[in-house]
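**Student:** Starting off with a structure, shown below.
The values are calculated or read from the model by the stated rules, or taken from the named source; none is laboratory data. Being a predicted model, the structure only gives us computed values, none of them experimental. Don't worry about glycine lacking a Cβ; one is built from the backbone with ideal geometry, like all the others, and counts go over all protein chains shown. All accessible areas refer to the heavy atoms of the entire protein, side chains included, with ligands and DNA or RNA removed. Shrake-Rupley method; radii C 1.70, N 1.55, O 1.52, S 1.80 Å.
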Amino acid sequence: MIPIPRPLECLTFIAYAITATLLALALTASATFTLRRAEQVVGGMREMGVPDSWFPRLATLKAAGALGLIGGLWFAPLGTAAATGVILYFIGALITHLRAKDYALAPAAVLTLIAVAALALRIASA
């Protein structure tokens, strides 16, 4: 017998799908801009004291997070791991801003909260 999903599970999965897709798009754009050394992205990173040699690694982490969030649509543990990784990435970004005494935290804070929402929704819909 095929299990019939409950309506709440369907809604939380749809919410995860939307959240994960939007976050993955933002991460993909940021990773692309970082790899291309777009001034609007890497300029801020340089001001925070991030060495240029870290840019490819940071872009790879963002791209991996994006792929994991999308892969999490089919394999829940991957989505959970990816959302957790993205949360940790942006906590690191917030700490970097604070250490540099730059209090323009809104972009990193918003992305952290969206990643927290993605994690909660993936867990709830698994």
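**Student:** Angle between the Cα long axis of helix 76-99 and the longest principal axis of the chain, 0 to 90 degrees, nearest 10?
**Tutor:** 30 degrees
**Student:** Calculate one ³J(HN,Hα) per residue across the stretch 46-59 by plugging θ = phi - 60° into the Karplus curve 6.51 cos²θ - 1.76 cosθ + 1.60, and present them in order as whole Hz with x for glycine and proline.
**Tutor:** Calculated HN-Hα couplings, in order: 5, 4, 7, x, 6, x, 4, 5, 7, 4, x, 5, 5, 5 Hz.
**Student:** Compute the length gained on full extension between THR21 and TRP74: take 0.36 nm times their separation in residues and subtract their Cα-Cα distance, giving the result in nm to one decimal.
**Tutor:** Computed gain between THR21 and TRP74 is 17.8 nm.
**Student:** Just to confirm the number: angle between the C-alpha axis of helix 7-35 and the first principal axis of the chain, 0 to 90 degrees, nearest 10?
**Tutor:** Helix 7-35 sits at roughly 20 degrees to that axis.
**Student:** Given only helices, namely DSSP H runs of n ≥ 4 each adding -39500 (n - 2.57), what is the per-residue ellipticity at 222 nm of the chain, to the nearest 500 deg cm²/dmol?
**Tutor:** One gets -27000 deg cm²/dmol as the mean residue ellipticity at 222 nm.
**Student:** What is the percent carbon and sulfur in the accessible area of the stretch 7-126, measuring with a 1.4 Å probe over the protein chains and ignoring ligands?
**Tutor:** That fraction is 75 percent.
**Student:** Among residues other than THR34 whose Cβ falls under 14 Å from its Cβ, what is the net charge (Lys/Arg +1, Asp/Glu -1)?
**Tutor:** +3
**Student:** Shifting gears a bit: Tell me the per residue accessible area of the chain using a 1.4 Å probe; a whole number in Å² is fine.
**Tutor:** Counting only protein heavy atoms, the per-residue value for the chain is 60 Å².
**Student:** Here is a follow-up. At a 10 angstrom cut-off on C-beta neighbours, averaged per residue, how do the peptides 94-102, 26-34 rank from highest to lowest?
**Tutor:** By packing density, highest mean first, the sequence is 26-34, 94-102.
**Student:** Once you've got the GNM for the chain with C-alpha springs shorter than 10 Å, pick whichever of ILE114, ILE18, ILE87 has the biggest mean-square fluctuation.
**Tutor:** Of ILE114, ILE18, ILE87, the most mobile in the Gaussian network model is ILE18.
**Student:** Quickly work out the MET48-to-ARG36 label distance, labels modelled 7 Å from Cα along the C-beta direction, and quote it in nm with one decimal.
**Tutor:** Output for this residue pair reads 2.1 nm.
**Student:** So if I average 1/r over every pair of distinct C-alpha atoms in the chain and take the inverse, what Kirkwood radius in Å does that give?
**Tutor:** 15.1 Å
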